[in-house]
Amino acid sequence: ASGKDEAVEVEEPEAEAEEDGAAQAGASGKEEAVEDGCARLHLSSKDFTKCPEGKVQTWLAKTSGIGIQKCFKMKHWNYAFVTVRKEEIEAFTRAIAGTTFRSHPVDVKVGHKRDANQRRPKGEEDPNAKRRKVQKDWPEGYVPTLKDIRDKEKSHKGAGVDKTVKQKAAPLLEYDYATQLGMKETYVKSSVRAFTKQAKLKSEEHGSTVEWTEPEWALRTKAPGHCGCPLDPIIGTPAEHLEGYRNKCEFTIGHNAAGELEVGFVRKIQDDMQPLIDSAEDIPHVPAVMKRFASVVRDCVKASPFPVFDRRREAKSGVWRLVMCRLSANGSMMVMVQTASFSEEKREALTKPLVEALLAADLGVTSVFLQLNDAASDAAQPGAPLIHVHGEERLKMPLLGLTFEIGPLSFFQTNPITCALLYEKALSWLSPDSKALALDVCCGVGTIGLCMANRCRKVVGLELVPEAVESAKQNAALNGISNASYYAGKAEDVLPDLLPKLLAELGPDCEVAAVLDPPRPGLHKDVLQALRDCAQLTRIVYISCNPDSLAEDVVKLTAASREGEDPFVPVRAVAVDMFPHTVHVEMVLLLERKSRVSEPP
């Protein structure tokens with residue numbers, strides 16, 4: 001729900017399909033319309049060329065203040081295809097059209113539905129495929145960096161390289177865990193060097209010097225070379241939890257290469273846009289009980305009179321789409337089955353046999369939901385009908401001595417063991433005193449804020465998703481916590497007005513500390529400015545799943561743009577491996593006001 005669930009189970013079927021469609025649309029200069037409340041726009045700028053998709057998406061989100069549903073761009077393109085909600089088209093266009101990206105303006109056009117006759121005929125070779133550079137295997141004995149592996153994965157995307165679901169879901173599995181940790185620690189170290197360099201360049205533009213960006217500072221603080229702050233040793237997942245660590249998985253319902261029905265992960269998208277599904281049996285981070293769950297669902301779908309959803313361009317018919325399961329530490333399981341819409345009279349004929357089969361299999365199922373989704377993508381739009389079918393409406397998840405109740409759509413960290421280690425580190429660094437106000441920005445269901453509620457005077461959480469905010473309030477009540485308040489809305493809309501009111505209520509002597517845990521695009525510039533302008537805010541802990549957006553946010557928080565200002569300074573950083581065997585890595589960064597940071601010896 002908050003866009004932060006990093007270890008994706010291979011990939012969404014539509015992601016690869018859309019890239020293929022976008023590549024063809026790029027050649028024709030047009031793009032297909034997007035259904036169900038969204039529209040796709042064609043954006044172009046000379047300076048988009050050689051700029052990665054992620055950087056363009058981050059810039060668009062921050063500049064417009066609007067959530068980007070999807071963004072697709074090849075690195076060599078000077079254009080991008082961007083999907084936004086239909087009601088936000090006008091505001092997005094007004095914010096972006098004509099705005100300078102680096103040194104050239106951005107042009108915004110509404111995508112037009114492309115005639116089917118303009119598509120590349122099925123089976124015909126993509127003329128761009130020959131120009132794609134597919135990275136070859138490394139020399140024998142060479143240990144690649146995480147960046148090497150990520151770049152190789154990107155070069156394979158859309159280039160026809162066939163991989164097993166195991167290779168796609170766990171690309172680091174061939175390396176021992178100590179080597180994986182070394183890769184991820186080096187990657188985060190490079191990220192610290194990147195924001196140090198960017199901050200130095202920014203300060204030079206203003207004719208000033210930022211001490212922590214200088215090589216001497218790294219020497220005096222015993223930080224790695226050219227790093228603006230020291231790094232703690234990486235926090236890894238304990239050895240006994242390296243397999244089966246996920247508490248949430250989504251399984252697509254479709255067919256394998258032999259044409260047999262399968263409930264598992266997407267191996268690839270075929271020419272007719274149908275996903276090719278393989279079993280999740282060999283995927284190391286899927287728990288054994290979830291593998292049994294997928295098998296039970298497969299048998300149930302086979303016996304069902306309802307057909308599997310046909311994802312071919314001209315079909316879009318059928319019912320069964322995917323299933324999701326969440327697993328609590330106590331063995332309880334929540335299930336959500338997603339189908340296309342069908343008559344309410346027939347609903348029991350689908351759900352009753354499924355519930356009976358799940359209960360008979362003794363999987364610990366305590367809750368079952370049905371989600372109806374008629375969109376092209378299995379990623380349902382906000383507001384898609386969600387029907388409670390069986391059992392409890394919430395699933396209880398323990399964390400750091402508290403109990404959190406979550407729903408089928410709630411965001412909750414998918415590796416609870418390492419999440420607890422990450423939170424303990426973040427809270428020890430934040431260390432709010434008993435009279436402090438603690439801000440929890442992008443709070444989800446309130447996990448980290450509620451974990452520090454007994455250490456401070458008041459917790460205030462901000463979250464975009466209303467369901468998550470209601471869950472946070474319920475979780476506070478469930479744990480007997482009365483000093484936590486939660487607000488729904490975009491942080492950039494809520495925080496600038498809310499913060500002065502809170503400080504007026506709590507008094508001028510109230511110290512403020514903040515935890516920032518944003519989705520991949522990072523934080524909006526208005527949020528960062530509100531944090532900078534709050535003189536009583538002395539300490540920030542930034543938890544990031546995307547070092548690129550973190551680097552941009554750190555520059556905005558640390559740059560001395562006005563005389564007499566007290567900017568933030570990075571103090572410590574640490575890498576956290578929440579997702580063993582994958583290329584994903586979390587990063588935690590502590591920042592403090594310059595006036596509070598002691599001069600290193």
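For the range 544-601, the Cα gyration tensor yields ellipsoid semi-axes of 28, 14, 6 Å (square root of five times each eigenvalue, largest first, whole Å). Summarising the overall dimensions of the range 491-589 from its C-alpha atoms, the Rg and Dmax are 14.7, 48 angstrom. Highest average first, the peptides 205-212, 39-46 ordered by how many other beta carbon atoms sit within 10 Å of their residues are 39-46, 205-212.
Summed over all non-identical Cα pairs, the Kirkwood treatment of the range 411-491 gives a radius of 12.7 Å. When the charge dipole of the range 504-566 is built from unit charges on Cβ atoms (+1 for Lys and Arg, -1 for Asp and Glu) and taken about the Cα centre, the candidate among Ile540, Leu506, Pro519 whose Cα reaches farthest toward its positive end is Pro519. Rank His285, Gln274, Leu450 by how far each Cα sits towards the positive end of the charge dipole of the chain (+1 on Lys, Arg Cβ; -1 on Asp, Glu Cβ) and give me just the farthest. It is Gln274. Computed over all pairs of different Cα atoms, the Kirkwood value for the hydrodynamic radius of the range 463-510 is 12.0 Å.
Take every DSSP beta bridge whose two residues both sit in the range 322-407; close to 70 percent of them are antiparallel. When each of the peptides 84-90, 284-290 is scored by the mean number of other C-beta atoms lying within 10 Å of its residues, the order from highest to lowest reads 284-290, 84-90.
For the listed peptides 362-373, 482-493, a ranking on the average number of other beta carbons within 10 Å per residue, highest first, reads 362-373, 482-493. Quickly estimate the mean residue ellipticity at 222 nm for the chain, helices only: each DSSP H run with n ≥ 4 gives -39500 (n - 2.57), and the total goes over all residues, rounded to 500. Rounded to the nearest 500, the figure is -10000 deg cm²/dmol. For the chain, the Cβ-based charge dipole about the Cα centre amounts to some 1100 debye (Lys, Arg positive; Asp, Glu negative; other atoms uncharged).
Which is farthest toward the positive dipole end of the chain among Ser203, Val465, Ser332, measuring Cα position about the Cα centre, with Cβ charges +1 (Lys, Arg) and -1 (Asp, Glu)? The listed residue farthest towards the positive side: Ser203. What you get for the range 348-485, charging only the Cβ of Lys and Arg (+1) and of Asp and Glu (-1), is a dipole of about 740 debye around the Cα centre. Rolled with a 1.4 Å probe across the full set of protein chains, the surface gives Lys291 an accessible area near 40 Å². Here the range 242-314 is treated with +1 on each Lys and Arg Cβ and -1 on each Asp and Glu Cβ, and its dipole about the Cα centre works out to around 220 debye. If R0 equals 56 Å, the separation of the Cβ atoms of Ile89 and Glu243 corresponds to a calculated FRET efficiency of about 0.80. Over 19 Å between C-alpha atoms is what I'm after, so list which of Lys152/Lys248; Lys70/Lys109; Lys73/Lys152 land there. Those over the limit are Lys152/Lys248.
With the convex hull drawn over the C-alpha atoms of the range 388-428, the volume per residue is 75 Å³. For Asp162 and Asp497, a Förster radius of 51 Å and the Cβ-Cβ distance give a FRET efficiency of 0.45, rounded to the nearest 0.05. Note on Cα extents along the principal axes in Å: of the candidates (1) 71, 57, 54; (2) 204, 45, 36; (3) 146, 83, 47, the value calculated from this structure sits at (1).
The values are calculated or read from the model by the stated rules, or taken from the named source; none is laboratory data. The structure presented is a predicted model; accordingly, all values stated were derived computationally and were not measured. Please note: Cβ atoms are built from the backbone with ideal geometry, for glycine as well, and neighbour counts cover all protein chains shown. Surface areas here come from the heavy atoms of the whole protein model, side chains and all, with no ligands, DNA or RNA. Shrake-Rupley method; radii C 1.70, N 1.55, O 1.52, S 1.80 Å.
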